[in-house]
4 protein chains.
Amino acid sequence: MSALLSALAGDAEIEALLADAAQIAAMVSVELALASASAEAGLISAEAADAIAAAAAGFEPDMDGLAEGMERDGVVVPALVGQLRTRVAEPYREALHRGATSQDIIDTALMVQTGPILDIIAARLAALIDALAGLKAAHGGKTLMAHTRMQAALPTDWGAKLDSWLEPLQRYFRTIEQMRPSLLVVQLGGPVGDRASFDGKGDAIAALLAQRLGLGVARPWHTVRDPLVALTGTLALLTGTLGKIGADIALLSQTEVQALTLAEGGGSSSMAHKSNPVAAEILVALARQNAGLAGTMQQAMVHEYERSGAAWALEWLTLPAMFVATGASLRLALRICGQIRIA
Amino acid sequence: MSALLSALAGDAEIEALLADAAQIAAMVSVELALASASAEAGLISAEAADAIAAAAAGFEPDMDGLAEGMERDGVVVPALVGQLRTRVAEPYREALHRGATSQDIIDTALMVQTGPILDIIAARLAALIDALAGLKAAHGGKTLMAHTRMQAALPTDWGAKLDSWLEPLQRYFRTIEQMRPSLLVVQLGGPVGDRASFDGKGDAIAALLAQRLGLGVARPWHTVRDPLVALTGTLALLTGTLGKIGADIALLSQTEVQALTLAEGGGSSSMAHKSNPVAAEILVALARQNAGLAGTMQQAMVHEYERSGAAWALEWLTLPAMFVATGASLRLALRICGQIRIA
Amino acid sequence: MSALLSALAGDAEIEALLADAAQIAAMVSVELALASASAEAGLISAEAADAIAAAAAGFEPDMDGLAEGMERDGVVVPALVGQLRTRVAEPYREALHRGATSQDIIDTALMVQTGPILDIIAARLAALIDALAGLKAAHGGKTLMAHTRMQAALPTDWGAKLDSWLEPLQRYFRTIEQMRPSLLVVQLGGPVGDRASFDGKGDAIAALLAQRLGLGVARPWHTVRDPLVALTGTLALLTGTLGKIGADIALLSQTEVQALTLAEGGGSSSMAHKSNPVAAEILVALARQNAGLAGTMQQAMVHEYERSGAAWALEWLTLPAMFVATGASLRLALRICGQIRIA
Amino acid sequence: MSALLSALAGDAEIEALLADAAQIAAMVSVELALASASAEAGLISAEAADAIAAAAAGFEPDMDGLAEGMERDGVVVPALVGQLRTRVAEPYREALHRGATSQDIIDTALMVQTGPILDIIAARLAALIDALAGLKAAHGGKTLMAHTRMQAALPTDWGAKLDSWLEPLQRYFRTIEQMRPSLLVVQLGGPVGDRASFDGKGDAIAALLAQRLGLGVARPWHTVRDPLVALTGTLALLTGTLGKIGADIALLSQTEVQALTLAEGGGSSSMAHKSNPVAAEILVALARQNAGLAGTMQQAMVHEYERSGAAWALEWLTLPAMFVATGASLRLALRICGQIRIA
């Protein structure tokens, strides 16, 4: 996403956590943790793990070389391992990445990155829930004309409206917390996903790797993507609810309705009198974007054989945008909550 | 879905549970239970509830009249209530549907219908898990050439393959069971979703209604659709995994691969020698259909105001197809499991 | 689609053209035309063609048998050809379907069915364009408050509004007419799509077949689906524009805005004072449904090899719903145009 | 898209044409051309146009200021016009952007950017058609085992296969050329899309603006997005066909099939013997990504009123990714064509 569009509908904080530098750093940390775990489990020697740790210290990747490798191999890991290996003292080079496959590193790194992203999402969601609860405390008893099927219906109160916004958000907060243990897990399968390449030590190494990275343990999930896709479904639900809130705000702040006003709307280049509910509209746009992307993530469930380059790459092309859209949506919802004025 | 297409890619059992007759019967049962609950809660008299029960006994809806009402009102309930009321002895006519809005009846009836559909899905899923576990018991130790990125990689065994099919299915079974309490709940909100129309007895009536219908209790959820959309996300995950299994079966049974054979494939009108992995291909098609529909359900999260005829109708246009696709996918997966032959 | 939902958001006329009976009749007509064309081209004898014509006369398919065949073979044609062949006098049985593959019959039959569906769509579109032009003639000069970003902006006139509704509809009318020649073409490829099974007479037979069926000629398109998918893209654009019109009507007829009123809205089961813009809302729902289905049709572009049972079946699961949604959308738009009252 | 992912599945050339700098430059060029056209049409004075041209010469936007404006106003134009205006000598400041609305500038700038992007797409498409024609000339007569429904069927030849790849590509080339005149048009509507703000000179200014920018003329299309959405439909068809080609290549180059080999496949971090059809798989991934995004663009057809910030922003969140995916897909298809070896 361009920087200008990102200022409106993006999320600088989450974008930084997904940037190349962050991803490569996460991958290096996974390789390091794998070496350490493999040493403890006896797959490689302690000296090898030390040599690998020494090689990683101060490692500055050659990004052009990584890009070339990415283009050639379809994954960045062979090039990254190649660059790291040149820094490992022999005879320990082969100990780096021993038994692992690119997908082990990439998926585990993704989980390393996802934890902090979920932290941000959860924190903003909690703040939003607080803000809405504050609005309810302040205005919950005030009368509001309810509308059904786009027509004024009967009076209700703001408490009912705010409850309908709050309840699903509280549910998503719990859902995301509940997902963490089964979602944020190491990937360790080796070339064909059966851990056979770890000389019988695969389960032990997976457990030790998980420990080092603060992740959970799981069977290899090279082709088993439902926890990740389920997460994106929840993200889309979240942006969907925020889109509903945005739609309500845009409707309630219509010139002819004015059930609420926004302290600061967007300016127009041609109509100085206007104050546009920009953030509310972007909430709707992000909801629809994420809804579509959630459908695409579901398409990525159909993996061929033991690893599908096609289905997996489809995740890469989709998931980051969903994280950013979710972060942006929460950011905007928080801002707009502070702008709502109810007479 | 036409009967011919349904024979291939539909599900007669689930289609019957979603048919007009079943839906109207469910709605009538909801109106009856509402009258009974309202009487117990003191909103209407016991005599009124009896009169309503008498009216419902032997009620045969005039389906043409219901269709006219549906077209005119956008919901069938006004016409249905109208037909029922003509059978209710006065002065009890107004007690029927007292306090309720169409959406209360329609959504609650949907939950009444959804329970048995989930029963079917869960039963088939359990049977499929058993069948796959049986295949694992019989063949798990046999060698299988693993393929990654569409190329032969290294040998693994059938146990690893079958585990990757089984694990997510076991997870969905648990997820669906866990969803039931928060999903299968009554809808009772009244015209604008705040239960104000029930004279302070709304919460009590909701609880009694839930009891009578074997559903759970919840706040009104006229515009809060995430539990329903989350269910469809899980259905799409399920068909996604079955699509992955279908893709694997189609690949593994290729003429040139023959890692498995299918006892009965489909015949060709022009090539008598062929045995096509028809069911496997349909699993892929259903996965992609459901993935797309799951995205559309996410679009339906954006409700305007207290009731969006647009977002709600979008659910009606989407959810039944997802139930049928899921049922069909399980039906086909079960069949194909019985056809797999591993040398 | 259930009959009740169809009354609201379906299209009985188009549904009938897509029903099993219509599809089987179209397939039989294709087999007949193929026999006749094959006789003229010299692939089969004139006596064989006569015997086939005699067999088809009065043919009543055994629908249960066809459903069994559909389930077994993934296509209905082997069973249908089997039923027909039992009625063909020997030695002419093998002349029926000679050289053809199931897909030739199914795709060509779809084109036979699609022509009349496009006729309906075009006729309704023309009527809608007329109705909107009539509204413009009557009200074009009247002032209308324009709204941008959900806020009152500056006055414009109804002519500008109606032009923005009309222009894209006129474009779709032209597009659909322009698509016909390249879309409504015969499919004739034989088992693997290269016409080799027609003994060098494939091109001639295709031309003669096209002539008999009132279709155009094209290279075999077993895996080349872009004209069909492009059609569905145009259908989605059409329902998208009608969704925009529906959104405008729902907004303009809001209680607080009343820039237009609707002569007959839908009734409410709980609020007698309401008149809901039901048809306008359904236009939005159908737009969103078709948008999602258009994305699914695009997913069906990825055919494996010379025939993908998965991608092809995905079309079957998607295309009929798009035709019905488009027909329904036009039907509702026409109705609502007659209900618009502008002060 | 991150630089690493872009190396695999992005398009540096098209990304540059979509970058902030390119977009701002296009907007400035539109403001300049508008001033010039407005002067010729007599809406502003020649001196004003000269002052504006002088202001634009050497203009270096304050990107942080633009980002702030974007976030506040939902569009960058008010901030951009503000920055430019400080450079315009008085009394000519108000002549800049006179009569126009932000959407006029943004949409017209998008068309200015789209032309060169379509040039790239068309050039690559032409090169790909040439490359495939070359493969046909070299190998068209060679025998190829055809596969239907994932099973070996009957022999065909490479000519038939390559024709099925070529024909739709040739069609897209023509479609894109045919779309240009009606797609690449100026947007000029003023605040509410009726050109009323141009004092009766709107049509003349639009024509002069078009002339200066090398674009076509059209009625204001603030809410009429079908030409743009139709373009994205064609882009998805194109990537869909390239996805089909990718699927075929991945299948034909399977270890067990070897109907073709790829001169250079991707390397594996764990299996040195493998040569992965990486580019073929990415073609499938891009096809599925674009298919999903095409559905989202269809969702953006539903504009509310005279300008929908929600629907319009949804385009911004979707269209650039589709351009990049299409460019990347063509880039990869061209590369893989050069790698195909047929025995």
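The values are calculated or read from the model by the stated rules, or taken from the named source; none is laboratory data. Given the structure is predicted, the values throughout are model-derived calculations rather than measurements. Cβ atoms come from the backbone with ideal geometry, glycine included; neighbour counts cover every protein chain shown. Only protein heavy atoms, including side chains, enter the accessible area calculation; ligands, DNA and RNA are left aside. Shrake-Rupley method; radii C 1.70, N 1.55, O 1.52, S 1.80 Å.
Filtered by the rule that a residue be among the polar types (S, T, N, Q) and assigned to a loop (DSSP other than H, G, I, E, B), region A:169-203 gives a lone residue, A:Q187. Among the residues of this structure, C:A160 does not count as one that is within 32 Å of the chain's Cα centre (by Cα) and over 30 Å from D:S308 (Cβ atoms). Within region B:291-304, restricting attention to residues that are facing chain A (nearest Cβ under 7 Å) and touching a residue at least 40 places away in the same chain (Cβ under 8 Å), the residue that is farthest from C:L286 (Cα to Cα) is B:A291. Among the residues making up region C:131-152, those that are open to solvent by 10 Å² or more (accessible area, probe 1.4 Å) and in a helix (DSSP H, G or I) are C:A131, C:A133, C:G134, C:L135, C:K136, C:A137, C:A138, C:H139. Within region A:1-57, if we keep just the residues that are outside any helix (DSSP H, G or I) and of a type in the set (G, A, S), the residue that is most open to solvent (accessible area, probe 1.4 Å) turns out to be A:A57.
Here B:V75, B:V88 are screened, and the one residue that is open to solvent by less than 40 Å² (accessible area, probe 1.4 Å), within 14 Å of chain C (Cβ to nearest Cβ), at pLDDT 95 or above and part of a loop (DSSP other than H, G, I, E, B) is B:V75. When residues in region C:169-204 are screened for being more than 19 Å from C:E31 (Cα to Cα) and either open to solvent by less than 30 Å² (accessible area, probe 1.4 Å) or touching a residue at least 40 places away in the same chain (Cβ under 8 Å) (or both), 11 of them pass. For D:A3, the conditions (1) facing chain A (nearest Cβ under 10 Å); (2) in contact with an Asp or Glu (Cβ under 7 Å, 6 or more places away or on another chain); (3) modelled with pLDDT of 95 or more are fulfilled apart from (3).
So which residues in region A:114-125 are out of contact with any helix residue (DSSP H, G or I) (no Cβ under 7 Å at 6 or more places or on another chain), open to solvent by 30 Å² or more (accessible area, probe 1.4 Å) and touching a residue at least 24 places away in the same chain (Cβ under 8 Å), if there are any at all? Walk me through how you get there before you give the answer.
If we filter region A:114-125 for residues that are out of contact with any helix residue (DSSP H, G or I) (no Cβ under 7 Å at 6 or more places or on another chain), which is where we start, we get A:114-115, A:119, A:123.
With the extra rule that they be open to solvent by 30 Å² or more (accessible area, probe 1.4 Å), the set shrinks to A:119, A:123.
Listed by number, the list is empty, since nothing qualifies.
Has region D:313-328 got at least one residue that is free of Cβ contacts under 8 Å to residues at least 40 places away in the same chain and under 30 Å from C:P155 (Cβ atoms)? Yes: region D:313-328 contains one or more residues that are free of Cβ contacts under 8 Å to residues at least 40 places away in the same chain and under 30 Å from C:P155 (Cβ atoms).
With the requirement that a residue be touching a strand residue (DSSP E or B) at 6+ places or on another chain (Cβ under 8 Å) and surrounded by 22 or more Cβ atoms within 10 Å (Cβ to Cβ), what does region D:58-72 give you? Spell out the reasoning first.
Applying the first criterion (touching a strand residue (DSSP E or B) at 6+ places or on another chain (Cβ under 8 Å)) to region D:58-72 yields D:72.
Of everything in region D:58-72, nothing turns out to be touching a strand residue (DSSP E or B) at 6+ places or on another chain (Cβ under 8 Å) and surrounded by 22 or more Cβ atoms within 10 Å (Cβ to Cβ).
Pairs are defined by a Cβ separation below 6 Å, a sequence spacing of at least 6 or placement on different chains, a first member in region C:6-23 that is within 9 Å of chain B (Cβ to nearest Cβ), and a second member that is among the hydrophobic types (A, V, I, L, M, F, W, C) and open to solvent by 50 Å² or more (accessible area, probe 1.4 Å); the pairs so defined are C:D20/B:A3.
Before we move on, is C:E68 over 26 Å from C:D194 (Cα atoms), in a loop (DSSP other than H, G, I, E, B) and among the acidic types (D, E)? It would help to see each step written out before you state the result.
Values: over 26 Å from C:D194 (Cα atoms): yes; in a loop (DSSP other than H, G, I, E, B): no; among the acidic types (D, E): yes.
Spelling it out, it is not the case that C:E68 is over 26 Å from C:D194 (Cα atoms), in a loop (DSSP other than H, G, I, E, B) and among the acidic types (D, E).
Each residue in region D:137-167 was checked for being out of contact with any Gly (no Cβ under 9 Å at 6 or more places or on another chain), more than 7 Å from every other protein chain (Cβ to nearest Cβ) and over 16 Å from C:P191 (Cα atoms), and 4 of them qualify.
Does any residue of region D:201-222 turn out to be within 11 Å of chain C (Cβ to nearest Cβ), under 20 Å from the mean Cα position of the chain (by Cα) and under 22 Å from D:A321 (Cα atoms)? Looking through region D:201-222, at least one residue is within 11 Å of chain C (Cβ to nearest Cβ), under 20 Å from the mean Cα position of the chain (by Cα) and under 22 Å from D:A321 (Cα atoms). So is B:A207 farther than 22 Å from A:D163 by Cβ and surrounded by fewer than 21 Cβ atoms within 10 Å (Cβ to Cβ) or not? The answer is no for B:A207. With the structure loaded, tell me whether B:N276 is within 13 Å of chain A (Cβ to nearest Cβ) and polar (S, T, N, Q) or whether it fails that test. Judged against the criteria, B:N276 is not a match. One residue alone among C:L128, C:L166, C:L162 is touching a residue at least 40 places away in the same chain (Cβ under 8 Å) and in a helix (DSSP H, G or I), and that residue is C:L128.
The residue list D:L242, D:L235, D:L260, D:L283 contains one member that is modelled with pLDDT of 95 or more, touching a helix residue (DSSP H, G or I) at 6+ places or on another chain (Cβ under 7 Å) and over 30 Å from D:A153 (Cα atoms), which is D:L235. Checked against (1) more than 21 Å from A:L208 (Cβ to Cβ); (2) in contact with a Gly (Cβ under 8 Å, 6 or more places away or on another chain); (3) polar (S, T, N, Q), A:Q170 passes all but a single condition, namely (2).
Say we look at region D:235-286 and pick out the residues that are among the hydroxyl-bearing types (S, T, Y), in contact (Cβ under 8 Å) with a residue 60 or more places away in the chain and buried (at least 24 other Cβ atoms within 10 Å of the Cβ); which of these is nearest to D:L132 (Cα to Cα)?
Residues of region D:235-286 that are among the hydroxyl-bearing types (S, T, Y), as a first pass: D:239, D:241, D:253, D:255, D:261, D:268-270, D:275.
Still in the list and also in contact (Cβ under 8 Å) with a residue 60 or more places away in the chain: D:239, D:241, D:261.
Still in the list and also buried (at least 24 other Cβ atoms within 10 Å of the Cβ): D:239, D:241.
Values: D:T239: 16, D:T241: 13 Å.
The extreme case among them is D:T241.
Residues in region A:91-104 that are within 10 Å of another protein chain (Cβ to nearest Cβ) and at negative phi: A:R98, A:A100, A:T101, A:S102, A:Q103, A:D104.
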